[in-house]
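Undergrad: Questions regarding the structure given below will be posed in turn.
The values are calculated or read from the model by the stated rules, or taken from the named source; none is laboratory data. The structure displayed is predicted, hence computed values, not measured ones. In this analysis, Cβ positions are derived from the backbone assuming ideal geometry, glycine residues included, and neighbour counts consider all displayed protein chains. When the accessible area is computed, the model is the full protein with side chains, heavy atoms only, and any ligands, DNA or RNA have been set aside. Shrake-Rupley method; radii C 1.70, N 1.55, O 1.52, S 1.80 Å.
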Protein chains: 2
Amino acid sequence: MSGTLIGVGLGPGDPDLMTLAAVRAIATAPVVAYPALPDTPSLARSIAAEHIAAGAHEIVIEVPMTKAREPAQAAYDLGAERISAALSSGADVAVLCEGDPLFYGSFMYLHARLARRFPTRIIPGVTSVSAASARAARPLAARNEVLTVIPGPLPSDEIGARIEAASSVAIMKVGRHLGRIRDVLTTLGLAESATYVERATLAEERILPLSEAPDPAPYFSMILVTKGADPWL
Amino acid sequence: MSGTLIGVGLGPGDPDLMTLAAVRAIATAPVVAYPALPDTPSLARSIAAEHIAAGAHEIVIEVPMTKAREPAQAAYDLGAERISAALSSGADVAVLCEGDPLFYGSFMYLHARLARRFPTRIIPGVTSVSAASARAARPLAARNEVLTVIPGPLPSDEIGARIEAASSVAIMKVGRHLGRIRDVLTTLGLAESATYVERATLAEERILPLSEAPDPAPYFSMILVTKGADPWL
């Protein structure tokens, strides 16, 4: 009888934004696994720390941040092997995932490697997009408005076209692309109304008009643009 | 000293998908407010029921489901008046919101009417999109993929163009538009791989290949289309 692979969405960073289901899954798991950058404390673990059972076995998946895909894929291969061993021994494994496991989450790489062989459960979490919009008090979408989530690393012309096509936009992973994205928004006449949100719900959270945003911005930063915001008006 | 208006995201329906922050806000609020269809029990209240304090005052906002905007706007005017009276008396008011308050949530209409006059706090919640993707075990977006959320009532040609432009799509509020949307997906060659999700995480949840979906579908239904799903492959 093998254990269950549980992808646990932890929400955007404030431990109070974990769900009851997430807390229960973490507190009862004999094994917890989480990604971490080499030689860096895991943000996922820090969010869940208070609820991890004393004596739980911890599997750290060290994922290098490289442009090439191979090193990260190798890290997930190794992590999946170690998780697989625990599941085969009958232990449930809670994989700690910042935000929502299936929304730009590394859990997908583990799921792809393990879900065919083991029972799997996914606990959705509050996304950084919902968190940023709540903290900035800016609506994401109302009525028949279209929301598009755009990764900041995409080419400027593609970002511009997608912003034009949507009523509401969340631009993720802004980081070093901030200046370039700000130029796109300026051209579209939307820079004035755009909001910059950094590390929403974390202690270091910063919310600023885009014009005052740091350039380059940290990786965990976002730009919100609301064109419709229908009920807001 | 006036009370605080608190928009509380309750998540998609399973009470275990409420956040710790939401539970605390509900349990400590002297006044809770929530929308309901006329003569219909409130889904929002049913999600939060277990945590509402005994003796809490409840403000029911009866919102008619009409095509015309005026009747609903009048209902929010009246609801905002009653909430305003409670806030002015110094009581915090927790407004119960299915899903996330700023993601197609009626809380926006109350916020627009009250936020300039009273201290306001918004607690983000797990969206029905994250819930549907978790329950269907289908990824929303990875790496530099673009996710677009499309309301089903939009015209077919617009829905088609937006599906073509995105790597991943969640079509909301499918309801009576299901057949029309399925035709669009068939034309794009995406119907086979599309997943129908009804009332994700509720007791009546149904997850089916789009080809087996009921037509018309209930209002709380969604279609997920993942083109990239990169790590999934």
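Undergrad: Among what's in the range B:54-91 and is surrounded by 14 or more Cβ atoms within 10 Å (Cβ to Cβ) and hydroxyl-bearing (Ser, Thr, Tyr), pick the residue that is nearest to the chain's Cα centre (by Cα).
TA: So, considering only residues that are surrounded by 14 or more Cβ atoms within 10 Å (Cβ to Cβ) and hydroxyl-bearing (Ser, Thr, Tyr), the one nearest to the chain's Cα centre (by Cα) is B:Tyr76.
Undergrad: Looking at B:Ala142, B:Ala137, B:Ala132, can you tell me which residue is in contact with a Phe, Trp or Tyr (Cβ under 8 Å, 6 or more places away or on another chain), facing chain A (nearest Cβ under 9 Å) and within 30 Å of A:Arg116 (Cα to Cα)?
TA: B:Ala142
Undergrad: Could you please tell me which pairs satisfy a Cβ distance under 6 Å, a separation of 6+ or placement on different chains, a first residue in the range A:173-188 that is farther than 21 Å from A:Arg199 by Cα, and a second residue that is of a type outside the set (A, V, I, L, M) and outside any loop (DSSP other than H, G, I, E, B)?
TA: Pairs found: A:Val184/A:Ser156; A:Val184/A:Gly160.
Undergrad: Answer with yes or no whether A:Arg113 is open to solvent by 10 Å² or more (accessible area, probe 1.4 Å) and more than 8 Å from chain B (Cβ to nearest Cβ).
TA: So A:Arg113 passes the test.
Undergrad: Any chance the range A:134-147 includes a residue that's of a type in the set (Asp, Glu) and more than 30 Å from A:Arg82 (Cα to Cα)?
TA: Yes; the residues of the range A:134-147 include at least one that is of a type in the set (Asp, Glu) and more than 30 Å from A:Arg82 (Cα to Cα).
Undergrad: Right, A:Ile61: in contact with a Pro (Cβ under 8 Å, 6 or more places away or on another chain) and among the β-branched types (Val, Ile, Thr) or not?
TA: yes
Undergrad: Can I ask one more? I need the full set of residues from the range A:148-167 which are within 17 Å of the chain's Cα centre (by Cα) and closer than 19 Å to A:Lys227 by Cβ, in order please.
TA: Matches in the range A:148-167: A:Thr148, A:Val149, A:Ile150, A:Gly152.
Undergrad: Another question about this same structure. Starting from residues that are of a type in the set (Asp, Glu) and under 26 Å from B:Ile159 (Cβ atoms), keep the ones in the range A:148-189 and report whichever is nearest to the other protein chains (Cβ to nearest Cβ).
TA: A:Glu158
Undergrad: In addition: For the range A:38-53, which residues satisfy the criterion of being open to solvent by 40 Å² or more (accessible area, probe 1.4 Å) and either touching a residue at least 60 places away in the same chain (Cβ under 8 Å) or not aliphatic (A, V, I, L, M) (or both)?
TA: Across the range A:38-53, the qualifying residues are A:Pro38, A:Asp39, A:Thr40, A:Pro41, A:Arg45, A:Ser46, A:Glu50.
Undergrad: Could you list, in sequence order, the residues of the range A:204-224 that are within 14 Å of another protein chain (Cβ to nearest Cβ) and modelled with pLDDT under 95?
TA: Across the range A:204-224, the qualifying residue is only A:Tyr219.
Undergrad: Another question about this same structure. On the basis of being over 20 Å from B:Pro139 (Cα atoms), within 22 Å of the chain's Cα centre (by Cα) and part of a loop (DSSP other than H, G, I, E, B), does B:Ala217 make the cut?
TA: In short, yes.
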